[in-house]
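Enquirer: Have a look at the structure that comes next, please.
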Amino acid sequence: MDATCDRLRPFGESIFTTMSRLAVEHKAVNLGQGFPDFDGPDFVKDAAKRAIDSGLGQYARAFGLPSATRAIAKYTGKSTGFEIDPDAEVTVTAGCTEAIAAALLGLLNPGDEVVLLDPSYDSYSACVAMAGGIARRVRLSGPEFRITDSLLRSAFSKRTRAILFNSPHNPTGRMFDEGECAIVASLAREFNAIVLSDEVYDAITFAREHRSIATLPGMRERTVILGSLGKTFSMTGWKVGWAIAPPSITKAIRSAHQFLTFCAPTPLQQAAADALDHVMADPSYLVQLRTDYLARRDALLGILRDTGFECLEPEGSYFILADVIAAGFKDDVAAAKALVRAGVASIPASAFYDPANSDPRWLRFAFCKRPETMRDAQTRLQAMSLAALASGGN
Ligand code: GLN
């Protein structure tokens, strides 16, 4: 009864879809799928309304509306110090998810290998499979989730075409430090591999400013910087993302992008341009975003710890990992099921691992939520006994 092709059948339904459905079924507070339950800022919404009213109703230039590619080039140029050519180096996509798919589809030949650092975002391995590549998955061990040379080196070979790198990291909340970035960069240079650098949480940082791996020596020419509007402007449903890469790699990305979506929605590209221009002229929105997220992070950490969970303190992103084994559960899936029935949805982080080499220890909670949502979650968590849930869930 399942007509899905062999390439995709192993991936089943995305865990985000499953958990959001269970959240609705059980009327649970949804701390699972990572989307803000509050609206983005008025200056971005107004820009989209203006764009629609001005008649931007047709396809944009395939690789991006000129105002959008210019704004993205300037915005990323500011944080990296690069002079970015908007015509030759920027591609606007339907969210960063499409940028990842377009990069892999445009760059991989059948059998090319792509290194993934598990836990890794679920679309990475699925897109590698769709592109006919082979994922070489390296498992980082919690609770440190540190990249070491020996661990990563074992996954590289002359067949390596690319590595997917993500910092700030979903789901661990880690911002890989200079030494770890240097390991990734040095292996990429040694094996002549491309770094696909997913930087969608670049504005949500607590430990220090985000610095793109593309800024390391010899890395600009082999890095694709992947970004989006969704997280920074709390508009995950707008699906405006981008890929920034040297011209030869951009050519590969565009060759796939033109046949995937042709172009991202035109009025939303114009709104993205206005949003980025706005924060470049006046960064106070970004400062406030970080302040708000720090308060949300600390609130959810407090709530989870009061409930009895041992948690990792995220350095960036809007996710917290909690240790379910220490809390007495059999594994993360059992914990997620027990918690959603008791009224709080989360994401079992085993969905971010190679099924053959998984880690059942972690449950991911999202804190991109309103204070009242968090209070609701707190009330429900306070009413549960983790020990009772754990024995019932086993
Ligand atoms: N990026 C979001 C998360 O990690 C989910 C996006 C999606 O549902 N595909 O929760």
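Enquirer: Select, from Ala162, Ala129, the only residue that is touching a residue at least 60 places away in the same chain (Cβ under 8 Å) and either away from the ligand (no atom under 16 Å from the Cβ) or acidic (Asp, Glu) (or both).
Expert: On the way: Ala162 fails: touching a residue at least 60 places away in the same chain (Cβ under 8 Å).
After ruling out the rest, the residue left standing is Ala129.
Enquirer: Output the residue which, of all residues in segment 1-21 that are in contact (Cβ under 8 Å) with a residue 24 or more places away in the chain and within 14 Å of the ligand (Cβ to nearest atom), is surrounded by the fewest Cβ atoms within 10 Å (Cβ to Cβ).
Expert: Ser14
Enquirer: It is to be established whether one or more residues within segment 277-296 are of a type in the set (Val, Ile, Thr), surrounded by fewer than 19 Cβ atoms within 10 Å (Cβ to Cβ), at pLDDT 95 or above and not in a strand (DSSP E or B).
Expert: First, the residues of segment 277-296 that are of a type in the set (Val, Ile, Thr): 279, 287, 291.
Those still in the list that are surrounded by fewer than 19 Cβ atoms within 10 Å (Cβ to Cβ) too: 287, 291.
From what's left, at pLDDT 95 or above: 287, 291.
Filter again for not in a strand (DSSP E or B), leaving 287, 291.
Within segment 277-296, one or more residues are of a type in the set (Val, Ile, Thr), surrounded by fewer than 19 Cβ atoms within 10 Å (Cβ to Cβ), at pLDDT 95 or above and not in a strand (DSSP E or B).
Enquirer: Quick check: is even one residue across segment 36-44 of a type outside the set (Gly, Ala, Ser), in a loop (DSSP other than H, G, I, E, B), crowded, with 21+ Cβ neighbours inside 10 Å and more than 16 Å from the ligand (Cβ to nearest atom)?
Expert: No, segment 36-44 contains no residue that is of a type outside the set (Gly, Ala, Ser), in a loop (DSSP other than H, G, I, E, B), crowded, with 21+ Cβ neighbours inside 10 Å and more than 16 Å from the ligand (Cβ to nearest atom).
Enquirer: Output the number of the condition that Ile325 fails; it satisfies all remaining conditions of (1) among the β-branched types (Val, Ile, Thr); (2) outside any helix (DSSP H, G or I); (3) within 30 Å of Leu105 (Cβ to Cβ).
Expert: Among (1) among the β-branched types (Val, Ile, Thr); (2) outside any helix (DSSP H, G or I); (3) within 30 Å of Leu105 (Cβ to Cβ), the lone unmet condition for Ile325 is (3).
Enquirer: Check segment 149-162 and report whether any residue there is touching a helix residue (DSSP H, G or I) at 6+ places or on another chain (Cβ under 9 Å), part of a helix (DSSP H, G or I) and not aliphatic (A, V, I, L, M).
Expert: So far as segment 149-162 goes, yes, one or more of its residues are touching a helix residue (DSSP H, G or I) at 6+ places or on another chain (Cβ under 9 Å), part of a helix (DSSP H, G or I) and not aliphatic (A, V, I, L, M).
Enquirer: Ala135 - would you say it is assigned to a loop (DSSP other than H, G, I, E, B), surrounded by fewer than 21 Cβ atoms within 10 Å (Cβ to Cβ) and among the hydrophobic types (A, V, I, L, M, F, W, C)? Show your work before the answer.
Expert: Working: assigned to a loop (DSSP other than H, G, I, E, B): no; surrounded by fewer than 21 Cβ atoms within 10 Å (Cβ to Cβ): yes; among the hydrophobic types (A, V, I, L, M, F, W, C): yes.
So Ala135 fails the test.
Enquirer: Report whether or not Ala60 is within 16 Å of the ligand (Cβ to nearest atom), buried (at least 20 other Cβ atoms within 10 Å of the Cβ) and over 27 Å from Arg174 (Cβ atoms). Before you say what the answer is, go through the steps one by one.
Expert: Values: within 16 Å of the ligand (Cβ to nearest atom): no; buried (at least 20 other Cβ atoms within 10 Å of the Cβ): yes; over 27 Å from Arg174 (Cβ atoms): yes.
No: the conditions fail for Ala60.
Enquirer: Let me spell it out: the conditions are (1) within 30 Å of Arg61 (Cα to Cα); (2) away from the ligand (no atom under 16 Å from the Cβ); (3) in contact (Cβ under 8 Å) with a residue 24 or more places away in the chain, and Pro110 meets all of them except one. Which number is the exception?
Expert: It is condition (3) that Pro110 fails.
Enquirer: Check Ser141, Ser197, Ser150, Ser154 and return the single one that is of a type outside the set (Lys, Arg) and open to solvent by less than 40 Å² (accessible area, probe 1.4 Å).
Expert: Details: Ser141 fails: open to solvent by less than 40 Å² (accessible area, probe 1.4 Å); Ser150 fails: open to solvent by less than 40 Å² (accessible area, probe 1.4 Å); Ser154 fails: open to solvent by less than 40 Å² (accessible area, probe 1.4 Å).
Going through Ser141, Ser197, Ser150, Ser154 in turn, just one is of a type outside the set (Lys, Arg) and open to solvent by less than 40 Å² (accessible area, probe 1.4 Å): Ser197.
Enquirer: I need a count of the residues in segment 200-209 that are of a type outside the set (A, V, I, L, M) and open to solvent by less than 40 Å² (accessible area, probe 1.4 Å). Please lay out each step first, then the result.
Expert: First, the residues of segment 200-209 that are of a type outside the set (A, V, I, L, M): 201-202, 205-206, 208-209.
Those left that are additionally open to solvent by less than 40 Å² (accessible area, probe 1.4 Å): 201, 205.
The qualifying residues number 2.
Enquirer: Next question, about the same structure. If I filter segment 164-192 down to residues being farther than 21 Å from Tyr318 by Cα and polar (S, T, N, Q), which single residue comes out as surrounded by the fewest Cβ atoms within 10 Å (Cβ to Cβ)?
Expert: Asn192
Enquirer: Next question, about the same structure. Taking segment 259-318, which residues are within 20 Å of the chain's Cα centre (by Cα) and on the phi > 0 side of the Ramachandran plot?
Expert: Matches in segment 259-318: Ser317 only.
Enquirer: Next question. Regarding Ser20, is this residue at pLDDT below 95 and not in a loop (DSSP other than H, G, I, E, B)?
Expert: On the way: at pLDDT below 95: yes; not in a loop (DSSP other than H, G, I, E, B): yes.
It is true that Ser20 is at pLDDT below 95 and not in a loop (DSSP other than H, G, I, E, B).
The values are calculated or read from the model by the stated rules, or taken from the named source; none is laboratory data. Keep in mind that what you see is a predicted model, and the values were worked out from it rather than measured. We place every Cβ from the backbone using ideal geometry, glycine too, and count neighbours over all the protein chains shown. Areas reflect the complete protein model, heavy atoms only, side chains present, ligands, DNA and RNA absent. Shrake-Rupley method; radii C 1.70, N 1.55, O 1.52, S 1.80 Å.
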